[in-house]
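Data first, discussion second: the structure below is written as structure tokens.
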Amino acid sequence: MARKPLVAGNWKMNKTAAEAVSLINGLKEVASNCGDDVEIVVAPPFTALHSVKTIFDLDRVNMALGAQNMFYETEGAFTGEISPRMLQAEHCRYVILGHSERRQYFGETDEAVNRKAKVVFEHDMTPIVCCGESLETHEAEKTAEWITEQVSAAITGLLPEHAARLVIAYEPIWAIGTGKTATPDMAQEVCELIRTVVTEMFDEDIAATARILYGGSVTELNAHLFFAADDIDGALVGGAALDAQSFGKIIKAACGCG
Ligand code: 13P
């Protein structure tokens, strides 16, 4: 498959700057062995971005830096927010947008995700746009409708050249941090649907280059099952990304060397 796998660690609200550096130190070896075959991304909290960037530069670590959120304005009186310029200055390559925790606890809307996605691209970074259904929606068998709507709203109006670089993460909310995963077949079905949505909104070539990740209780034990699916191009990992050994094994599974 032409798409390079991407394995991203979403550290959420975990790790001080010093702890972040020690986790990165534990990942250097796997990054040097697998970093050409798998795009490895870590998204630490804002307070650790600079320390992680510094160690990436000093030790030429073959990983990319991501942020967990961003505001859409470039600067100004927005107390507590972080701008695209600030993330660009830290050499962030990715910005996670619309994570279900941000939607649930901080009121992030589809409109905000869409606006942010455009701004991320304008600043030469790439959004990792998250989507996912609640347990209620899942049990009511409304997942397809929900995902179609959420993804369409998030990517509407993107320039085609930007859409081709998109990363979309399918994270069923009921699988996040619960130890329950979607089955690989279920995850494949939704990721295929996401690719169809991208095809319908843009075209087939664009949909063929966009990368679609699965997230939700991915571990070193189950990662390979998801990576074997045709439309799953990697993983967005929470809990298992906080441990160098576990995350390293997930990276190796995507690389095919472990
Ligand atoms: P877990 O891997 O801890 O389930 O978290 C998934 C997630 O939310 C990644 O963004």
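In the set ARG102, ARG115, ARG93, which member is away from the ligand (no atom under 14 Å from the Cβ), part of a helix (DSSP H, G or I) and at pLDDT 95 or above?
Details: ARG102 fails: away from the ligand (no atom under 14 Å from the Cβ); ARG93 fails: part of a helix (DSSP H, G or I).
Matching residue, one of ARG102, ARG115, ARG93: ARG115.
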Can you pull out every residue in segment 218-228 that is more than 14 Å from the ligand (Cβ to nearest atom) and part of a loop (DSSP other than H, G, I, E, B)?
ALA228
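Being of a type in the set (Asp, Glu), within 16 Å of the ligand (Cβ to nearest atom) and open to solvent by 10 Å² or more (accessible area, probe 1.4 Å) is true for just one of GLU75, GLU139, GLU122, GLU108. Which residue is that? Reasoning before the result, please.
Values: GLU75 fails: within 16 Å of the ligand (Cβ to nearest atom); GLU139 fails: within 16 Å of the ligand (Cβ to nearest atom); GLU122 fails: within 16 Å of the ligand (Cβ to nearest atom).
One residue alone meets the criteria, GLU108.
Can ARG3 be described as part of a helix (DSSP H, G or I), more than 16 Å from the ligand (Cβ to nearest atom) and in contact (Cβ under 8 Å) with a residue 12 or more places away in the chain?
Values: part of a helix (DSSP H, G or I): no; more than 16 Å from the ligand (Cβ to nearest atom): yes; in contact (Cβ under 8 Å) with a residue 12 or more places away in the chain: yes.
No, not satisfied.
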Is it the case that some residue within segment 197-214 is out of contact with any helix residue (DSSP H, G or I) (no Cβ under 6 Å at 6 or more places or on another chain), buried (at least 19 other Cβ atoms within 10 Å of the Cβ) and part of a helix (DSSP H, G or I)?
no
For segment 183-214, give me each residue that is within 16 Å of the ligand (Cβ to nearest atom) and either over 18 Å from the mean Cα position of the chain (by Cα) or over 18 Å from VAL129 (Cα atoms) (or both).
THR183, PRO184, MET186
Does VAL129 satisfy the criteria of being touching a Leu at 6+ places or on another chain (Cβ under 8 Å), at negative phi and not aromatic (Phe, Trp, Tyr)?
yes
Unmet criterion (only one of (1) part of a loop (DSSP other than H, G, I, E, B); (2) closer than 18 Å to ARG102 by Cβ) for GLY76
(2)
When you look at GLY26, is it farther than 19 Å from MET125 by Cα, out of contact with any Lys or Arg (no Cβ under 9 Å at 6 or more places or on another chain) and in a loop (DSSP other than H, G, I, E, B), yes or no?
no
Pairs under 7 Å by beta carbon, first residue in contact (Cβ under 8 Å) with a residue 12 or more places away in the chain and on the phi < 0 side of the Ramachandran plot in segment 214-234, partner charged (D, E, K, R) and more than 12 Å from the ligand (Cβ to nearest atom), six or more apart or different chains?
GLU220/LYS249; ASP231/GLU192; ASP231/ARG195; ASP233/ARG3; ASP233/ARG211
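Output the residue which, of all residues in segment 232-255 that are part of a loop (DSSP other than H, G, I, E, B) and under 20 Å from GLY26 (Cα atoms), is most open to solvent (accessible area, probe 1.4 Å). Steps first, please.
Here is the first cut: in segment 232-255, the residues part of a loop (DSSP other than H, G, I, E, B) are 232-233, 238, 243.
Subsequent filtering for residues that are under 20 Å from GLY26 (Cα atoms) retains 238, 243.
Working: GLY238: 19, ASP243: 70 Å².
Here the answer is ASP243.
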Of all residues in segment 30-63, which are touching an Asp or Glu at 6+ places or on another chain (Cβ under 8 Å) and buried (at least 24 other Cβ atoms within 10 Å of the Cβ)?
LEU49
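Results for (1) charged (D, E, K, R); (2) within 16 Å of the ligand (Cβ to nearest atom); (3) open to solvent by less than 30 Å² (accessible area, probe 1.4 Å), shown as yes or no for each residue.
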| residue | (1), (2), (3) |
| --- | --- |
| LEU166 | no, no, yes |
| THR181 | no, yes, no |
| GLY216 | no, yes, yes |
| ASP230 | yes, no, no |
Exception for ALA241 within (1) of a type in the set (A, V, I, L, M); (2) closer than 13 Å to PRO5 by Cβ; (3) within 14 Å of the ligand (Cβ to nearest atom) falls at (2)
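The values are calculated or read from the model by the stated rules, or taken from the named source; none is laboratory data. Bear in mind that the values here come from a model prediction, so they are computed numbers and not experimental data. Every residue, glycine among them, receives a Cβ derived from its backbone with ideal geometry; neighbour counts consider all protein chains shown. Side chains included, ligands, DNA and RNA excluded: accessible areas come from the protein's heavy atoms. Shrake-Rupley method; radii C 1.70, N 1.55, O 1.52, S 1.80 Å.
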